[in-house]
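Remarks on the structure that follows.
The values are calculated or read from the model by the stated rules, or taken from the named source; none is laboratory data. In this text the structure is predicted, and so the values were computed from the model without any measurement. Don't worry about glycine lacking a Cβ; one is built from the backbone with ideal geometry, like all the others, and counts go over all protein chains shown.
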Amino acid sequence: MIRNNLYNSILLDPNTKGADELFIISGYASATFTRRHINDLLQIPSLKSKINLLIGMPSKRSDHQAFLNLLNTYPQNFEGHYYDSNPGVHCKLYSWFSKKNPSIAFSGSANYSQYGFFEKNQENQMTPDNPLEIFDYYNELLKSSISMRDPSIKQVRSYQLPVSSTSIYPGEIEWVKQDKIVKISLLARDGSVPKKSGLNWGQRIDNLGNQREPNQAYLSIKKDAREEGFLPEKGLTFTMLCDDGNSLDCTVQQDGRKAISTTSNNSILGSYIRKRIGVDSGDLVTTEDLEKYGRTDFLLEKINDETFFFDMSV
């Protein structure tokens, strides 16, 4: 039985030893964890690998758009399906193949998610299993599954932003639903957009005297919205689904948990915001820019521990 270092033991080490294709049946799974796993596998100097994921339990498929983005970004490395029959499948099975031949497999309690594979979040165990039997079961379930690429799949959300003609006060937050949905001002208390932090974090000189990449940015998280229980722990990634259909892979950053930025490159968030509000790439964002756009705050809704919804619609 394997209890420690599950992520490396189950999801990375077999690839370093020559396995190149992984078949997963998991009751629950997250897009942000899938992205992390793909990127880590791509860093291993071995055979190219492919992940085949079948999510077994019915859900609202809240991060469906993020899975679609993975399919488009990594077409050679990822394929995904939702089980579409009853009862749901709550198994957690992982079967590695090498050059189309069964290699090594595991079964146990770990869902394909950060909370399943990192001990500090959840205690789980995995046990060696038969790779061919799991592969056969995967293909059996596939007959009653629907591809994530199927255009009939719609992302379901539980909340719609109420129509409001005014943004919240500068520097403030407003809980729409405590610890679930919050509106946060993009402005400082004096009504300005800070010139060298937040959306303009890249508009400054670094410690070596060099100009930072000007699109670097973070969302400033204020007051009790920083507390654990709403946002994830520092170091865990999460998917931020945007109201315009985009999705961003993000993490909580900085001392005091006071910032959200995009995981691999914090310029991605700054570029996204600038494009959305009509500011040229690399330019300073001002209060006037946000007012012209029609919004000086944003809404953040917690869907689950690894998925949030970002709304900046007008």
| request: Starting from residues that are polar (S, T, N, Q) and in a loop (DSSP other than H, G, I, E, B), keep the ones in the stretch 267-288 and report whichever is farthest from LEU248 (Cα to Cα). | output: THR286
| field | Unmet criterion (only one of (1) at pLDDT 90 or above; (2) on the phi < 0 side of the Ramachandran plot; (3) out of contact with any strand residue (DSSP E or B) (no Cβ under 9 Å at 6 or more places or on another chain)) for CYS242 | value | (3)
| message | Condition first: surrounded by fewer than 16 Cβ atoms within 10 Å (Cβ to Cβ) and not in a strand (DSSP E or B). Now tell me which residues in the stretch 223-242 satisfy that. | response | LYS223, ASP224, GLU227, GLY229, GLU233, LYS234, GLY235
| Residue check: is SER264 farther than 30 Å from TYR7 by Cα, surrounded by fewer than 20 Cβ atoms within 10 Å (Cβ to Cβ) and touching a residue at least 60 places away in the same chain (Cβ under 8 Å)? | no
| query | Does the stretch 131-148 hold any residues that are surrounded by fewer than 16 Cβ atoms within 10 Å (Cβ to Cβ), assigned to a loop (DSSP other than H, G, I, E, B) and not hydroxyl-bearing (Ser, Thr, Tyr), and which are they? | reply | LYS143
| said: Within the stretch 123-130, does at least one residue satisfy the condition of being assigned to a loop (DSSP other than H, G, I, E, B), free of Cβ contacts under 8 Å to residues at least 40 places away in the same chain, out of contact with any Cys (no Cβ under 6 Å at 6 or more places or on another chain) and within 29 Å of GLY245 (Cβ to Cβ)? | reply: no
| Candidates SER30, SER113, SER49 - the one that is free of Cβ contacts under 8 Å to residues at least 40 places away in the same chain, on the phi < 0 side of the Ramachandran plot, surrounded by 20 or more Cβ atoms within 10 Å (Cβ to Cβ) and of a type in the set (Ser, Thr, Tyr) | SER49
| message | Being assigned by TED's automatic domain parsing to the domain that holds ARG36 and surrounded by fewer than 20 Cβ atoms within 10 Å (Cβ to Cβ) narrows it down to one residue among SER59, SER95; which is it? | response | SER59
| request: Considering only the stretch 55-84, state which residues are closer than 18 Å to GLU306 by Cα, aliphatic (A, V, I, L, M) and either touching an Asp or Glu at 6+ places or on another chain (Cβ under 6 Å) or in contact (Cβ under 8 Å) with a residue 60 or more places away in the chain (or both). | output: ALA66, LEU68
| message | Checking the conditions here, which among SER85, SER107, SER95, SER59 is assigned to a loop (DSSP other than H, G, I, E, B), hydroxyl-bearing (Ser, Thr, Tyr), modelled with pLDDT of 90 or more and within 23 Å of SER145 (Cβ to Cβ)? | response | SER85
